[in-house]
Each structure stands twice: as C-alpha cells, then as structure tokens.
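> This is the structure I have questions about; it appears just below.
The values are calculated or read from the model by the stated rules, or taken from the named source; none is laboratory data. Computed from a predicted model, the values in this text were never measured in an experiment. Because the Cβ atoms are built from the backbone with ideal geometry, glycine has one as well, and the counts that use them run over all protein chains shown.
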Amino acid sequence: MPGGQRMDRRSFVARTAQGGAAAACGGLAWFALLRQQAHAAAPLRPPGAAGEAEFLARCVRCGQCVRACPYRTLVLGAVSAPGGSGTPRFVPREVPCQLCETIPCARACPTGALDAAMSDIRQARMGLAVVDAESCLSWQGLRCEVCYRVCPLRSQAISVQPHPRQTSRHAVFVPMVHSNACTGCGLCEKQCPTEIAAIRVVDLKLVQGRIGAHYRPPEGSNAARAAPPFTTSTTSQNATATTPGRVPAPTPAPPVDPADYLNSGGRP
C-alpha cells in the first residue's frame with residue numbers, strides 16, 4: 001500500500017462496518033423522506049386524475065402529460081415535494097390550468113392515472129376555490145370581481161351576490177364559489193390582485209364536508225335537489241306507499257325587490 005502502510009484484518013472489518021452503517025443510515029433517511037411525502041398535503045393534479053391513492057399507484061412518472069400540456073402548466077414534483085416525487089402537479093398562482101377542450105394531458109397518459117375517457121373539461125375536479133373573506137377586496141366593500149370576471153364558468157362556478165352589512169343599509173357584492181361547477185383550474189387565484197391570493201384552490205377533502213345519508217334536507221334546498229327521491233310510507237293525493245316521490249313543496253314566498261329589502265334595513 002502507499003507509504004508502506006498495510007491494512008490489517010481488524011481495520012478492514014472496521015471500515016467495512018462503517019461503510020455499511022453509513023449506507024443503512026442513508027437508506028433510513030430516504031425512507032423517512034418518502035414517508036413524509038406520503039403524509040403531506042396532496043398537490044393539485046391534472047384534470048381527470050383519479051383519487052390520490054389510485055393516482056399514485058397508476059402514475060409511472062413518465063412525464064407524458066407534462067409534455068402534452070400546451071401552456072406548460074404541469075410540472076413534475078421534485079424529490080422533496082409532497083405527493084410523490086416525479087408526479088405531475090400544478091401551482092395555480094404560477095400557471096393555472098387553461099381548461100383545454102381536448103384535454104391533451106389526459107389523452108397522453110398511458111396508464112389510466114388520468115381519465116382519457118373524460119370528454120367534457122367542465123367535469124374536471126382538480127380542487128375547489130375558497131375565498132378568504134378577511135383578505136378579499138370585495139368583502140371589504142370594494143368592487144373587485146376579478147375572480148368572477150376571469151372564471152371560465154362565470155355565474156356557474158363563481159357568482160357575485162349582494163351581502164348586507166351589519167352597520168349600513170348598503171350591501172357589498174361578494175364572490176361566492178359553487179362546488180358543483182368549480183373545476184379547480186386556478187384562474188381566479190392567478191388573477192387575484194391581493195399580495196397573497198384571497199381566493200385559493202385547495203384539495204376538495206380539506207374543505208368539503210358531507211351531510212350523510214341519514215339526514216333529509218328541507219325541500220327546496222340545493223341538497224334536497226341533489227338527493228335521490230325516497231319512497232313515502234303514507235297515502236295521500238300526491239304520493240302512495242308504493243310510489244316513489246317527494247313530499248309536496250310549500251308554496252314559495254313572493255319575490256322581494258332587493259332595493260326594498262335594503263331600504264327597510266333587512267326587515268322582511
């Protein structure tokens with residue numbers, strides 16, 4: 001050996017053990033990193049993505065969807081990124097989804113991690129836009145409405161509705177997000193004029209609850225219109241014990257002029 005030094009058996013065994021221990025520590029660190037990724041919040045996926053667990057099982061990290069995106073919206077996650085390294089995701093504040101009608105990213109997926117059979121981009125549910133009322137300019141009394149104007153499903157996914165003030169008879173016009181139509185494209189978050197977006201697209205599971213099958217919502221509500229009909233157990237002019245149907249809705253109240261409502265101080 002150089003310098004006339006010779007390695008005896010004891011030194012050789014010691015250095016071999018040190019190398020094995022270093023490799024084991026590196027493997028444990030890598031395992032811990034992957035485990036941390038798995039438990040972190042899921043990023044926003046391309047349109048047509050399956051549930052997060054199924055998506056991660058099917059995605060082979062090929063990057064075909066990223067190459068197919070004409071707007072460079074999709075990127076591959078880094079090693080330290082949550083939701084699995086090498087998987088496609090997008091950040092709406094940087095580059096939102098432009099809702100391509102042909103859905104090229106899903107068509108390019110070779111494994112079914114993205115649903116290539118989806119024909120209507122409006123069916124995509126990449127996330128849900130949520131408004132921070134404490135930071136939203138419209139909720140502070142200013143006429144902004146930027147998120148409403150840039151929404152590709154205007155008046156369906158986002159609408160502007162009057163909201164009465166507690167200290168004034170004048171109303172403010174605020175954005176309201178409707179989960180049944182919001183695709184999670186993030187165009188609203190991208191164009192929000194506040195320093196940090198007051199409307200942000202997040203994972204559906206983080207903000208959306210579920211009523212449950214045991215609860216029967218009142219007639220006329222949005223939940224009632226979406227609920228399946230039930231079979232009545234009493235006999236009447238409009239329903240029988242063997243005929244599926246709904247209890248007759250009450251007579252709707254006459255429409256109220258918004259101007260009269262505001263001028264009356266919010267009293268019916």
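> Among the listed residues 94, 101, which satisfies the condition of being in the same structural domain as residue 50 (by TED's automatic domain parsing), more than 18 Å from the chain's Cα centre (by Cα) and within 15 Å of residue 71 (Cβ to Cβ)? I'd like the intermediate steps shown before the answer.
On the way: 94 fails: more than 18 Å from the chain's Cα centre (by Cα).
None of the others qualify; the one that does is 101.
> Please enumerate the residues belonging to the stretch 123-162 that are touching a strand residue (DSSP E or B) at 6+ places or on another chain (Cβ under 6 Å), without any contact (Cβ under 8 Å) to a residue 24 or more places away in the chain and surrounded by 13 or more Cβ atoms within 10 Å (Cβ to Cβ).
Within the stretch 123-162, 159, 160 meet the criteria.
> Give the residue that is surrounded by the most Cβ atoms within 10 Å (Cβ to Cβ), with candidates limited to residues of the stretch 193-244 that are among the β-branched types (Val, Ile, Thr) and at pLDDT below 80.
As a first pass, look at the stretch 193-244 and keep what is among the β-branched types (Val, Ile, Thr): 194, 196, 199, 201-202, 207, 211, 231-232, 234-235, 240, 242-243.
Those still in the list that are at pLDDT below 80 too: 231-232, 234-235, 240, 242-243.
Working: 231: 11, 232: 17, 234: 8, 235: 10, 240: 14, 242: 9, 243: 10.
Filtering the stretch 193-244 for residues that are among the β-branched types (Val, Ile, Thr) and at pLDDT below 80, the one surrounded by the most Cβ atoms within 10 Å (Cβ to Cβ) comes out as 232.
Residue-wise test of (1) more than 24 Å from residue 43 (Cβ to Cβ); (2) charged (D, E, K, R).
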| residue | (1), (2) |
| --- | --- |
| 143 | yes, yes |
| 152 | no, no |
| 189 | no, yes |
| 196 | no, no |
| 199 | no, no |
| 209 | no, no |
| 215 | yes, no |
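> Select from the stretch 79-112 the residues that are surrounded by 15 or more Cβ atoms within 10 Å (Cβ to Cβ) and among the hydrophobic types (A, V, I, L, M, F, W, C) and list them in ascending order.
Once the filter is applied, which keeps residues that are surrounded by 15 or more Cβ atoms within 10 Å (Cβ to Cβ) and among the hydrophobic types (A, V, I, L, M, F, W, C), the stretch 79-112 yields 81, 90, 91, 95, 97, 99, 100, 103, 105, 106, 108, 109.
> Taking the conditions exactly as written (in contact with a Gly (Cβ under 8 Å, 6 or more places away or on another chain), in contact (Cβ under 8 Å) with a residue 60 or more places away in the chain and under 22 Å from residue 180 (Cβ atoms)), does residue 47 satisfy them or not? Talk me through it step by step, then tell me what you get.
Working: in contact with a Gly (Cβ under 8 Å, 6 or more places away or on another chain): no; in contact (Cβ under 8 Å) with a residue 60 or more places away in the chain: yes; under 22 Å from residue 180 (Cβ atoms): yes.
No.
> Of the conditions (1) touching a Ser or Thr at 6+ places or on another chain (Cβ under 6 Å); (2) not in a strand (DSSP E or B), residue 189 satisfies every one except a single condition; which number is it?
Of everything listed in (1) touching a Ser or Thr at 6+ places or on another chain (Cβ under 6 Å); (2) not in a strand (DSSP E or B), residue 189 misses just condition (1).
> Is there any pair linking a residue in the stretch 172-190 that is outside the structural domain of residue 100 (by TED's automatic domain parsing) and at positive phi to one that is in a helix (DSSP H, G or I) and among the aliphatic types (A, V, I, L, M), with Cβ under 8 Å and at least six apart or on different chains, and which?
184/204
> Another one. Looking at the stretch 171-192, can you tell me whether even one residue there is among the charged types (D, E, K, R) and exposed (fewer than 15 other Cβ atoms within 10 Å of the Cβ)?
Just the residues of the stretch 171-192 that are among the charged types (D, E, K, R), to begin with: 189-190.
Imposing the further condition that a residue be exposed (fewer than 15 other Cβ atoms within 10 Å of the Cβ) reduces the set to none.
Looking for residues that are among the charged types (D, E, K, R) and exposed (fewer than 15 other Cβ atoms within 10 Å of the Cβ), one finds none in the stretch 171-192, hence no.
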